[in-house]
Structure formats: C-alpha cells, structure tokens
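Below is one structure, written out as structure tokens, with a few remarks after it.
Each value in this text was obtained by applying a stated rule to the coordinates, not by laboratory testing. Every value quoted in this text rests on a predicted model; they were computed, and no experiment measured them. Cβ sites come from the backbone with ideal geometry, for glycine too, and all protein chains shown count toward neighbours.
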Amino acid sequence: MFFKIPDKSTLCSDIYNYIETNSDEWVWYKEFNIKVIPQTILLNDSFFKFLKTKCDFIGAVLRIDPNICYSFHTDDDRRTTINMLLSDSPSHCIFSPTRINDRLLNIVELIYEPETYYLLDTTVPHMVINFNSHRFMFSIQFLQDISYNDVLEIVSLYNFINREKK
Ligand SMILES: [Fe+2]
C-alpha cells in the first residue's frame, strides 16, 4: 500500500525555494494547483538519479487549498507515485485497503515523516483531509504505465546497492 524509502531526501529546501521564487503561475491540473519542478533539481538527488536510469518521470508540487477534504478515490491516471510532504500544517492521508460494508471502511494512515519519500499504491482507495493552511506535496508522475510492485523492485535494488557501498 505504501513504502517508506529509507534514504532521506536532499531536495526539500531546493523544491521549496523553487516554488517560492519561481515566477510561473500555479496551474490547475486534475483537482490540484501544480508547479512542475525542473529535472535539473530532481537529478541532484541520488535516489532520483538512480530511478532515472530505470524509468521516466516528472516531478511536481501539488497544492491543496485550506479546509479541503479530497474524498476516497483511486488515481485514474497512474497506478503508483512517489510522494514527499513539504508542508507541516495539519493534514491527514488515509488509505482504505478493505471495506467492511457500505458505511464502514478499514483505514490506515500514512504519517509522512519530514524529508522522506514514500512509494504509494494509488490503486488502493485513499483520501486527504487538509486543515487551515495550504498543503504542498511533492509528487512523481511516471511517464509509462508502471505498477507499485515494479517501482518497489527498483527501490529495493537501489537500497541493496546503497547498502553494499556502505
Ligand atoms: Fe490520489
């Protein structure tokens, strides 16, 4: 359903600086205001550098307005993503792997740690509740149809290579 990538991100401040200082307008795309992050920034991070040798992707920051609930859904344009929460204002991301009946769902919260990437299976129903500030989420869009398990294999390989180096 989701997997925490062990290595911390080295990009948080660069991404934040970019969205704060870059003069491009936020663009409305599929229920979010977004800003695409240049590949040159992403490729400064060793994890994305490795991922790029295996598949193509773009990275963007998705902004959700204050006091919004993005109700349960599965992503219709992707099966998986890699996310990192940039803002620390109150919000919750909840997955529901199984349903008990029409009204009751089993739920699991994804509690984002700072500066940490998570691989998400977006074919599992999930939702976001955002409270009184903008919520900024860095998110990867793969340019090919790739599954959670496919990316998990790449991540496992990355972790293995990294362990060997240490
Ligand atoms: Fe989603």
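Kindly state, to the nearest 0.05, the FRET efficiency for I161 paired with Q39, given R0 = 30 Å and r defined as their beta-carbon distance.
Calculated value: 0.85.
Using the structure shown, select from K30/K54; K8/K30; K30/K52; K54/K165; K8/K52 the pairs with a Cα to Cα distance greater than 22 angstrom.
Over 22 Å apart, Cα to Cα: K30/K54; K8/K30; K30/K52.
Please report, in debye to the nearest 20, how large the charge dipole of region 2-165 is about its Cα centre when each Lys and Arg carries +1 at its beta carbon and each Asp and Glu carries -1 there.
That gives a dipole near 260 debye.
Ranked highest first by average number of other Cβ atoms within 10 Å, how do 89-95, 40-46 line up?
89-95, 40-46
What do you get for GluC sites (Glu not before Pro) in region 18-100 restricted to DSSP loop and a cutoff of at most 13 other Cβ within 10 Å of the site's Cβ?
Answer in residue order: E25, E31.
Take every Cα-Cα pair in the chain and report what % of them are more than 21 Å apart.
Here the tail beyond 21 Å accounts for 48 percent of pairs.
Based solely on its DSSP helices, what 222 nm [θ] is calculated for the chain when runs of n ≥ 4 H residues each add -39,500 (n - 2.57) and the sum is averaged over all residues, nearest 500 deg cm²/dmol?
Using -39500 (n - 2.57) per qualifying helix, the result is -7000 deg cm²/dmol.
Figure the gain on full extension for K8 and T74 (residue separation times 0.36 nm, minus the Cα-Cα span) and round it to one decimal in nm.
Net length gain for the segment: 21.1 nm.
Using +1 at the Cβ of each Lys and Arg and -1 at the Cβ of each Asp and Glu in the chain, identify which of C12, Y70, N33 lies farthest towards the dipole's positive end.
Checking the options against the dipole of the chain, the answer is C12.
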